[in-house]
Amino acid sequence: MLRLLAFLAALGAGAWGLYWLSDHPGSVALTWAGVEYKITLMKALGPAAAILVALPLLWGLLKFVLRAPGLIALASRERRREKGFAALSRGMIAVGAGDLREAQRSAREANRYFGEESLTLLLRAQAAQLAGDRAGAVAAFEDMLAQDDTHLLGLRGLYIEARRAGHGEAAIAYARRAFARATSPWAAQAVLDDYAARGDWGAALATVEAHAQARLIDRPTAQRWRAVLKTALAAERASRDAKGALALAREALDLAPSLVPAAALCARLTATTGDLRRAARLLETAYRASPHPDLAEAYVRLRPGDSAVDRLARARALARITPFDPESALTVARAHLEAQDLDAARKTLAALLGGAGGRPTARACLLMAEIEDSGGDDGAVREWLARASRARRDRAWVAEGLIAERWAPASPEGKLDAFVWRTPDERAGETSIAPITLHATPPPSAPPTPVAPVGAPKPSPETLAPPRPARRLSAAVAAPVANAPDDPGPHDRRNEEFRNFALE
């Protein structure tokens, strides 16, 4: 709007000037070669205006003529640039579509137009990867290391190629170089996975701190990973530095109160200091949030020297926290078995054996087989072991298709906090691993002398007599089919041939 007003003002001023000159006529005299030329002022203004207009035009024409070679070269470069970008676009699309021939042709064309540019090297590397030419891909990624803007890209490409070739150490070396150069998420994760896979929990914890400081992971994830790694460090140090291990376990439990291994380990280490009440409270709180066999085992055997009757009392006290959870029934039944009260153990397991459409879990069947073994009924033992081979799966530590009886801080591939306590898939195989065992102290070589609690009634001679040692039973449980029929029970299978069982 302002420009329009200024143009109208200038146009008005020019019109007014011409009007003023028309009212004040004059003449212009020019002497050239002794001849005097005299014209009016209005006629002299016309050639002057034409000269003023022609001079810029002539100057622009002269500049164009002088710059013509440069403009021609610029136009040629622009055409090559457009053709190069078109080749890059076709090559990237061809790589994404899996068109090897077009990708290679476009890579050669782009290299002809651009030379060793960043995108050209990337297209060449991807075309080589698409063709399965690892040597060509490695050469392209190594060329990227010479340029600052593609250095990290080259390291990532070399890392991927090394992993594909099975060269784990070389791959981690590339990841470490990238992590040292810049806090790249992929490099940081690769370094962390390597530390976790090798069990270097201290270095893994330092890497997690670097992750959190660079904000590569959110705060809840960082807190959880710190708790997992501190639990692993506490388990390693428990045998040689109980005090330091206890401090680490408490820190882990503060960071992740729902981490069952941290609660169990912290309670065991607390019990070794003599503070049994605090250890019991820790286990009760954790068990109330997540009933788990490790917590129940730690609670029942929290005080060394307890008799079977004392452990049964503690199991009953723990079961009152979550009376309707199957883990409570299994804990109490196990305590009854150790106290040689077989009828009570059978009665406690009755609800678990008849639930879920007649298909109890494998743990319940194996525990029932142990009860029958203590009673001397070998036929019933075989029947319950056969049922265990077809029973529903119990909850276990599951990670990346692996099923483990014990928790581990990381999977064998190095993924931190991979194990989850859940029911495995019915179709999952029986792949299992042997993760670290979180025990505060090694088990004693001989059973301790039973010590009755203060104020307890004097035990009978039958209680003090050594019970018949129960044989631990295990069954080679095969993976059931997805739609297995319901188990008809032991009494309908008397004449079957029982296989896949063992007495340990």
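Each value in this text was obtained by applying a stated rule to the coordinates, not by laboratory testing. The model shown is predicted, which means the values in this text are computed figures rather than measured ones. Cβ coordinates were reconstructed from backbone atoms using ideal geometry, including for glycine residues, and neighbour counts include every protein chain displayed.
The value of relative contact order for the stretch 1-127, using C-alpha pairs under 8 Å at least six residues apart, is 14 percent. Among 238-248, 263-273, the peptide with the highest mean count of other Cβ atoms within 10 Å heads the list, and the full ranking is 263-273, 238-248. Of all aspartates and glutamates in the structure, those lying under 12 Å Cα to Cα from residue 83, and not within fewer than 8 positions of it along the same chain, are 109. Between the C-alpha center of the stretch 264-308 and that of the stretch 37-78 there is a gap of 98 Å.
Straight Cα distances below 19 angstrom link residue 243 to the aspartates and glutamates 251, 254, 275, with same-chain residues fewer than 8 positions distant left out. Shown for 99, 425, 194: other C-beta atoms within 10 Å of each C-beta, ranked fewest to most, produce the order 425, 99, 194.
Near residue 317, once Lys and Arg are set to +1 and Asp and Glu to -1 for all other residues with Cβ below 15 Å from its Cβ, the sum equals +4. Taking θ as phi - 60° and the Karplus parameters 6.51, -1.76 and 1.60, the scalar couplings of the stretch 396-402 work out to 8, 7, 10, 7, 6, x, 9 Hz in sequence order, x denoting glycine and proline.
Counting neighbouring beta carbons within 10 Å and listing from fewest to most, the residues 92, 368, 1, 144 come out as 1, 92, 144, 368.
Evaluated at q = 0.11, 0.13 Å⁻¹, a Debye calculation over the C-alpha positions of the stretch 218-304 (equal weights, vacuum) places log10 I(q)/I(0) at -0.26, -0.36. Could you work out the relative contact order of the stretch 218-304? I mean the mean sequence separation of Cα pairs under 8 Å and 6+ apart, divided by the number of residues, in percent. Once normalised by length, the contact order is 24 percent.
Each peptide in 369-378, 120-129 was scored by the mean count of other Cβ atoms within 10 Å over its residues; highest first, the order is 120-129, 369-378. Each of 225, 59, 186 has some number of other Cβ atoms within 10 Å of its Cβ, and from fewest to most they run 59, 186, 225. Distance between the C-alpha centres of the stretch 208-253 and the stretch 314-383: 36 Å, rounded to the whole angstrom. The length gained by stretching the chain between residue 15 and residue 278 to full extension, at 0.36 nm per residue less their Cα-Cα distance, is 84.5 nm.
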